[in-house]
Amino acid sequence: MARILETLLAAVIGRPKSALTVLLLVTFGFVAAASLNDVEVDITQLGREDSATVQTMARVQQEFDDPSAVVQVIVDAGPGGDILTSEGLAAVSEVQRHVADALGEDLREPTDGGPSLLSLPVLLGLDERTPTEDDAQDARERLRAVAAQPQAAALISGDYDADAGSARATVIVAFLREGLSEQDRTQAALRVQEAVAETPEQQIIVYSQGLFVEGMLDAVRGEAPALFLVALLAVLVLLAVTFRSALVVGVGLVGLAMTVVWTFGLAGLLGPQGLGWIGPLSQLAIIVPILLVGLGIDFAVHLMARFRELSAQGAAPSPAASGAVRAVGPALAIAAVTTGVGFGATATAPLPLLATFGVQVALGILCAFLVMIILVPATQALWGRRLAAASARRRRRDSGAQPTGRESARPSSGVLTRAAVRTADRRPLAGLVVALMLIGMAVLASVRLDTQFDRSDFLPEGSDIEATLAHQEELFGSQIIEATFVLIDPPETRADLGSALDRASQQVAEVEGVRVSGGEAQIMARQAAESDTLLWQIRTTAGDGGAEQLAEDLAAALDPVTQQGAEVSISSEPMVVAEMNRDLAEFQVRSILLTLSIVTVLLMATYRLWRRRAVLGVIAMIPAVTSAAGVIAMMWVLGIDLNVLSATLTAMAIGIGVPYGVHVVNRFLQELPMSTPEGAVSSTVGTTGAALTGSAVTTLGALLVLSWSALVPIQTLGRLGAVAIVVALVAGVFVTPGALVLWARRAGRGES
């Protein structure tokens with residue numbers, strides 16, 4: 001580590017202009033690489049690729065109708081209205097004509113394996129003429145015998161009253177032709193949306209996966225820049241208040257901008273359009289630059305603070321810059337690696353978007369370290385006199401003292417320092433006991449946390465897409481149509497599969513959660529165009545919570561089919577979500593243990609090689625472990641479930657908390673040979689403690705910005721991340737010094 005830093009210093013301090021030029025050229029290169037990034041926000045594709053449930057769903061989409069190749073148009077007569085009157089059916093027929101005209105050649109031909117349009121007028125033979133009252137009465141009679149028309153039941157809103165023959169809404173399903181790109185499908189749905197916008201009397205809602213994705217993208221595009229700018233402004237203001245230097249603020253701004261560019265450039269190079277090692281950007285990408293703003297500025301804060309301290313002692317700009325890197329560079333490197341590991345642990349997450357998110361943040365932390373370890377000392381070497389003069393003026397203004405030529409930086413004697421020193425000196429075990437109690441509370445809380453993946457959490461609050469899906473749920477339940485798919489692959493030799501299918505359908509009708517009409521299950525059966533595979537699309541009502549039980553019951557009901565040698569595969573979106581919930585709960589435990597193990601081993605090995613004291617690595621972990629415990633305890637207190645992001649936050653909290661322990665241990669070891677353990681604590685808290693407080697405040701400001709997000713998981717991440725920062729700071733200032741005093745007393749005063 002020392003050799004690498006010395007080599008870097010020789011290049012940066014010796015030729016600062018060249019170092020800054022190279023840094024700028026590399027940044028321009030990453031700007032070009034960032035254009036390779038793809039954005040994917042389809043939350044229905046979050047399951048594990050090796051999951052049988054996910055693979056079955058993929059087969060359904062590939063071998064039968066791809067849900068993204070469908071446009072659904074709801075015709076709503078409004079509260080108290082009835083769509084099954086002659087006027088209502090006439091309105092549906094009119095909307096259907098607008099849909100067909102808008103889609104034109106993009107509408108699937110009936111000869112391609114299915115209908116072009118599926119609607120009540122089509123099923124009831126009313127699509128070629130204006131329905132009369134007799135037609136409406138006939139429709140009501142036929143719908144009462146819905147067992148003969150199972151497709152019709154799937155097209156009517158959940159308030160259908162068989163006795164009155166009334167329903168508030170219906171849905172028109174338009175099938176798009178094969179070969180259309182995702183962009184073409186979205187454009188087709190937008191044309192439909194425009195065509196039905198002026199339809200009178202009824203409320204028309206157009207939905208497709210393309211429109212859903214476009215709505216999510218619009219939300220991300222609109223929210224990401226605003227959140228990033230607010231976070232950046234908050235950090236820069238805090239920098240200005242702390243250092244009172246426009247140059248420092250400028251360096252921070254340039255460094256953070258470069259960090260973000262490098263991170264997204266690497267993401268582009270490693271993503272689907274590059275090497276293909278990581279996935280595309282997702283809606284979680286809006287968090288990445290904000291986290292980098294909060295965490296990346298820490299490297300600059302510590303380098304700037306130590307430079308200012310050395311300048312106050314009379315060091316010239318270049319030696320002060322070199323001294324700052326030598327003093328805090330190793331700690332910064334350790335912090336960068338361990339923080340990266342904390343975030344990188346999410347690479348093992350069962351959800352691809354979480355794995356990619358963790359890798360992106362880990363790369364960003366390393367980019368921040370590399371940028372700041374070059375940019376800050378190079379800038380200090382070039383403009384260090386201005387920084388030193390500004391620091392001197394600020395000290396004279398604050399103290400009213402005259403310059404003395406060589407001033408020594410004295411540790412602060414404020415309330416924080418006195419309290420920390422008193423605790424470490426008189427009650428060194430007190431902080432450890434409190435930390436252990438918090439950890440014990442977290443262990444108990446962890447077994448009581450529920451795991452909940454709610455797809456609606458990824459819908460921006462107040463957005464059009466949220467309103468659309470809420471309206472759909474009001475009319476048709478959890479979705480327009482909740483369906484469970486059963487793929488039946490017949491054996492090479494069919495014995496009596498037909499009668500087995502009949503018996504199975506009768507048993508399926510008795511399964512709880514299956515919609516039944518006229519005593520029969522609502523099953524739409526189709527056969528694949530290029531194989532003998534049979535698809536049963538069963539209309540169900542189990543939702544995410546009952547999906548796994550429904551799958552078990554359906555498997556039992558389909559036993560007559562499997563006994564004939566057929567292979568049966570069952571899947572649904574609620575089943576995928578239920579599986580993800582289980583995976584998230586397992587990942588929560590795995591990620592914490594993995595992160596703790598790797599980071600602890602890294603720190604122990606580092607301090608064994610560096611200081612010949614492996615136990616110092618354990619002491620440096622105190623803020624990280626306490627921070628993770630604080631997050632879990634707060635989730636329990638506030639009733640926050642484990643979700644897509646909170647399940648990873650405990651591992652992230654370990655990465656966030658490690659630098660607080662590393663910097664305190666590092667400074668304590670530097671001060672101990674020249675002082676008593678108590679004096680070393682006083683100097684450490686007064687200098688490095690102040691820098692830690694500054695970095696904590698900047699990180700806190702950036703994370704709290706996330707609480708303004710329109711996405712609930714991101715709000716939760718911001719708030720719990722703030723808890724992680726506060727707990728880590730308190731543990732770093734009050735608990736770690738006590739542990740260091742105990743270690744120093746046991747090891748012998750002045751030993752390093």
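Putting +1 on Lys and Arg Cβ atoms and -1 on Asp and Glu Cβ atoms, find which of 571, 545, 498 reaches farthest to the positive end of the dipole of the range 483-571.
Checking the options against the dipole of the range 483-571, the answer is 498.
Residue separation times 0.36 nm, minus the C-alpha to C-alpha distance between residue 524 and residue 28: what's the value?
Gain on stretching residue 524 to residue 28: 173.0 nm.
Could you pull out the trypsin sites (Lys or Arg not before Pro) across the range 693-752 that fall in loop regions by DSSP (anything but H, G, I, E, B) with no more than 16 other Cβ atoms inside 10 Å?
Loop-located and lightly packed - 749.
Could you run the Karplus curve 6.51 cos²θ - 1.76 cosθ + 1.60 with θ = phi - 60° over the range 256-267 and give me ³J(HN,Hα) per residue in whole Hz, x for Gly and Pro?
Along the range 256-267, the couplings run 5, 4, 4, 4, 5, 5, 4, 4, 6, x, 5, 4 Hz.
Once you have the Cα-Cα distance between residue 675 and residue 563, take 0.36 nm times their residue separation minus that, and quote the gain in nm to one decimal.
Between residue 675 and residue 563, full extension yields an extra 32.2 nm.
Given a Förster distance of 30 Å, report the FRET efficiency between residue 237 and residue 707 from their Cβ-Cβ distance, rounded to the nearest 0.05.
0.95
Under 18 Å from a label point 7 Å along Cα→Cβ of residue 257: give me every residue in the range 286-316 with its amide N that close.
Correct set: 289-290, 292-294, 296-297, 300.
When the dipole is taken about the Cα centre of the range 483-571, and only Lys, Arg (+1) and Asp, Glu (-1) are charged at their Cβ, what size is it in debye, to the nearest 20?
300 debye
Going highest first, how would you order 323-334, 581-592, 605-616 by mean Cβ packing within 10 Å?
The packing order, highest mean first, is 323-334, 581-592, 605-616.
Using the Kirkwood radius over C-alpha pairs as Rh, can you work out the diffusion coefficient of the range 483-571 via Stokes-Einstein at 25 °C, viscosity 0.890 mPa s, in µm² per second?
The estimated diffusion coefficient comes to 188 µm²/s.
Bin all alpha-carbon pair distances of the range 189-312 at 5 Å intervals from 0 and give each bin's fraction as a whole percent.
2, 9, 14, 14, 13, 11, 9, 8, 6, 5, 4, 2, 1, 1, 0, 0
Once you have the Cα-Cα distance between residue 464 and residue 21, take 0.36 nm times their residue separation minus that, and quote the gain in nm to one decimal.
Taking 0.36 nm per residue and subtracting the Cα distance, the gain is 154.8 nm.
Just in the range 231-321: which chymotrypsin sites (Phe, Trp or Tyr not before Pro) are loop by DSSP and have at most 14 other Cβ atoms within 10 Å?
Qualifying residues, ordered by number: 277.
Read-outs: derived from the displayed coordinates by stated rules, not from any lab. Only a predicted model underlies this, so the values are computations on that prediction, with no experimental measurement involved. Glycine gets a Cβ as well: all are built from the backbone with ideal geometry, and neighbour counts include every protein chain shown.
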